[in-house]
Amino acid sequence: MTRRVTMVAILLLAVMPLFARAFDVHQLRQVAAKNNVTCILVFGDSSVDPGNNNYISTATKSNFPPYGKSFFNGRPTGRFSNGRLATDFIAEALGYGNIIRGFLDPQINKEDLLHGVSFASAGSGYDDLTANLSSVLPVSKQLEYFLHYKIHLRQLVGEEKAEEIIRNAIFLISMGTNDFLQNYGIEPIRSKQFTLEQYQNFLISCMFRDIKAMHHLGARRLVVVGVPPFGCMPLVKALKDASKCDESSNQLAFSFNSKIKEKLATIKKIFGIKYAYVDIYNTIQSAIHNPKRYGFTETSKGCCGSGVIEFGDTCKGLSTCADPTKYVFWDAVHPTQQMYKIIADDALETVTKNVIG
């Protein structure tokens, strides 16, 4: 009898988190519905690009194995990870389906348009030059596609309903990494024009320009994702010949995130919008410094190839680790699906508090 009671208790403890999570999602959807949240509209880089780059002429793609190894049916989609991105999990939590499609995806349908799409392009950044260097979509082009989206939406539901959907949508922005790592850190153009401090301020002015344009086009709920700890990326550590996270690179990311938060407070006063800042920096840092808490065993290298230098095309066709769920990084730059799920959960907390509720 005692053994049976013990076994029942163990089973209940194992199942309780599942019920708790389901209840949280149900509550989230109720709050979102009560506050008329309609959809998610995503702008940015590879952190939120579900495959738009598949349909443009660029070498910045990931629509080949082993990318997508953990996705439904194990197929590559153009997402720079082994599976889903944080925005996919956020959409699922809100009841909008289990993925966010790219606006350029030819399989996009009516339900996708009503529940939200991503205009993001891997390799892009706040600085239009960043996108141009990789022949991907700058934010200006992403906003142009958003205008096309509005036209499709009007055709589906009429002008009045379309404007209501846009007004109550969550506009999510996630970019900035490429501006520093692919642009300023490699190309001699911006580094000759600006000091690192000046370039950060320039990027903040670009962010303000983009948010101002979004507000003009109907944005009233805004989510801005900060940049990750650059110095903890396997590639950056390899380039810096560092065994641990490179502090100077992390300090740069921390500084830029501080400027983002400061500007968002000003933007709220100017435009009167609801906004949330997603602190991806500390979420990833927490996973790296407390891996057991999140179920990780490998935090220093990616799952693809050697795990220290490969990403994108250089990861193509390479062997991978046996269990990506134990890794923070999928390749030398991008997180795994498991890490993105953690990022999404943290993001939903701040988004619910500051934007939805």
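What follows draws every value from the coordinates through simple rules; no lab data is involved. Owing to the predicted nature of the structure, the values given are computational and were not obtained by experimental measurement. Counting neighbours? That spans all protein chains shown, and the Cβs are built from the backbone with ideal geometry, glycine included.
Details
- The phi torsions of the range 96-105, fed into the Karplus equation with coefficients 6.51, -1.76 and 1.60 and a -60° offset, translate into couplings of 9, x, 8, 8, 9, 8, x, 4, 7, 5 Hz, rounded to whole numbers, with Gly and Pro shown as x.
- Here LYS110 is the anchor, and no aspartates and glutamates lie within straight C-alpha reach of less than 15 Å, apart from those fewer than 8 places off in the same chain.
- Cut-off under 5 Å, modelled amide H: who pairs with ARG101 long-range: SER118
- For the chain, the share of DSSP beta bridges that are antiparallel, to the nearest 5, is 10%.
- Per-residue 3J(HN,Hα) values for the range 164-176, derived from phi via the Karplus relation 6.51 cos²θ - 1.76 cosθ + 1.60 with θ = phi - 60°, read 5, 4, 5, 4, 9, 7, 9, 8, 10, 10, 9, 6, x Hz in sequence order (x marks Gly and Pro).
- Under-5 Å amide H pairs with ILE40, H placed in peptide plane, nonlocal only: GLY116, VAL117, ILE170
- Table column - 3J(HN,Hα) (Hz), the range 106-121, Karplus curve with 6.51, -1.76, 1.60, x for Gly and Pro: x, 8, 4, 10, 4, 4, 4, 5, 6, 9, x, 9, 10, 9, 5, 9
- Taking the Cα centre of the range 152-267 as reference, the dipole from Cβ charges on Lys and Arg (+1) and Asp and Glu (-1) amounts to some 120 debye.
- Straight-line cross-link partners of LYS269 among the aspartates and glutamates, defined as a Cα under 17 Å from its Cα and at least 8 positions apart when in the same chain: ASP210.
- Applying a 4.7 Å cutoff between beta carbons, the unpaired cysteines of the chain are CYS39, CYS206.
- Ratio of Rg to Rh over the range 120-224 (Cα coordinates, Kirkwood Rh, two decimals): 1.06
- Within a straight-line Cα-Cα reach of under 20 Å, LYS341 can be paired with the following lysines, leaving aside sequence neighbours fewer than 8 residues apart in one chain: LYS69, LYS292, LYS301, LYS326, LYS353.
- Each of the peptides 59-67, 257-265 was scored by the mean count of other Cβ atoms within 10 Å over its residues; in descending order, highest first, they stand as 59-67, 257-265.
- Helical content alone sets the calculated 222 nm signal of the chain at -15000 deg cm²/dmol, taking -39,500 (n - 2.57) per DSSP H segment of four or more residues and averaging over every residue.
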